[in-house]
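First the structure, in the form of structure tokens, and then the observations on it.
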Amino acid sequence: MFKSISLRIRIFLAMILLVLLASVLIVGVTVYQYDEETKEYNIDRFGRKEDNTRKDIDFELKRNLLENLTSDNLSKIFKMRIFEISSVHNLEISIYDLKGNLLISSTSTAFDKIDESVISPRILNELESNTNHRVFKNDEVENISFETSYTYISDLKLNNIGVLKLEFSQDNTMQQKAVSYTHLRAHETGRNL
């Protein structure tokens, strides 16, 4: 059957097949690259939010200038301010003592499923053993990206007095739909991206 088709038609069909294969590969690589850039952007964005939140936490500690700053004082210092800081930076904030027991937390909807009353010993050990004293977790569930970090809270003499847990979630569904729509339109018009 294939031999009865002229050489010109076979070459034409082979070229069409190659163009279609190249288009599929380009779309695949573009979607993969977009996903990687989205993940990197979300991590960088979380890092900026984390830095600014740490500055607010440090400012609040300096503003309250207690001579005997301990883990017990943290819940009093941040009693109302934790909600303001959480709202400004759009992060969920939890403060724990050095043993991992919850002292105070801003309320959450995206993270309600997780038991937040105690930090696992594994994370506390990881936090203590890291040179930068930071633990970062990044998970994605149903196109929602969850970033979580754990760092120490230090007093003015740089003694660790607590653990700061920051959580951020972002729904990436709209970005995924935009990429799919763009590729669909490009395919319909015959353009490559």
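Being out of contact with any strand residue (DSSP E or B) (no Cβ under 9 Å at 6 or more places or on another chain) and either touching a residue at least 12 places away in the same chain (Cβ under 8 Å) or crowded, with 18+ Cβ neighbours inside 10 Å (or both) is true for just one of D97, D56. Which residue is that? Write out each step before concluding.
Working: D97 fails: out of contact with any strand residue (DSSP E or B) (no Cβ under 9 Å at 6 or more places or on another chain).
It is D56.
So which of K39, K49, K3 is open to solvent by 100 Å² or more (accessible area, probe 1.4 Å), assigned to a helix (DSSP H, G or I) and on the phi < 0 side of the Ramachandran plot?
Answer to the check: K3.
From the list R54, R8, exactly one residue is closer than 22 Å to V163 by Cβ and in a helix (DSSP H, G or I). Which is it? Walk me through it before giving the result.
Details: R8 fails: closer than 22 Å to V163 by Cβ.
When all the criteria are applied, what remains is R54.
Report yes if some residue within segment 61-81 is in contact with a helix residue (DSSP H, G or I) (Cβ under 6 Å, 6 or more places away or on another chain), under 24 Å from F136 (Cβ atoms) and open to solvent by less than 100 Å² (accessible area, probe 1.4 Å); otherwise report no. Don't jump to the end; show me each part of the working.
First, the residues of segment 61-81 that are in contact with a helix residue (DSSP H, G or I) (Cβ under 6 Å, 6 or more places away or on another chain): 64, 66, 77, 81.
With the extra rule that they be under 24 Å from F136 (Cβ atoms), the set shrinks to none.
No, that holds for no residue.
For segment 59-163, which fully contained strands (runs of 3 or more DSSP E) count at least 3 residues that are at pLDDT 85 or above and more than 26 Å from D44 (Cβ to Cβ)? Write out each step before concluding.
Working: elements: 92-96, 102-105, 134-141, 144-154.
Passing ranges, in order: 102-105.
The values are calculated or read from the model by the stated rules, or taken from the named source; none is laboratory data. Everything numeric here is computed off the predicted structure, so don't read it as measured data. We place every Cβ from the backbone using ideal geometry, glycine too, and count neighbours over all the protein chains shown. For accessibility, only protein heavy atoms count, side chains too; no ligands or nucleic acids. Shrake-Rupley method; radii C 1.70, N 1.55, O 1.52, S 1.80 Å.
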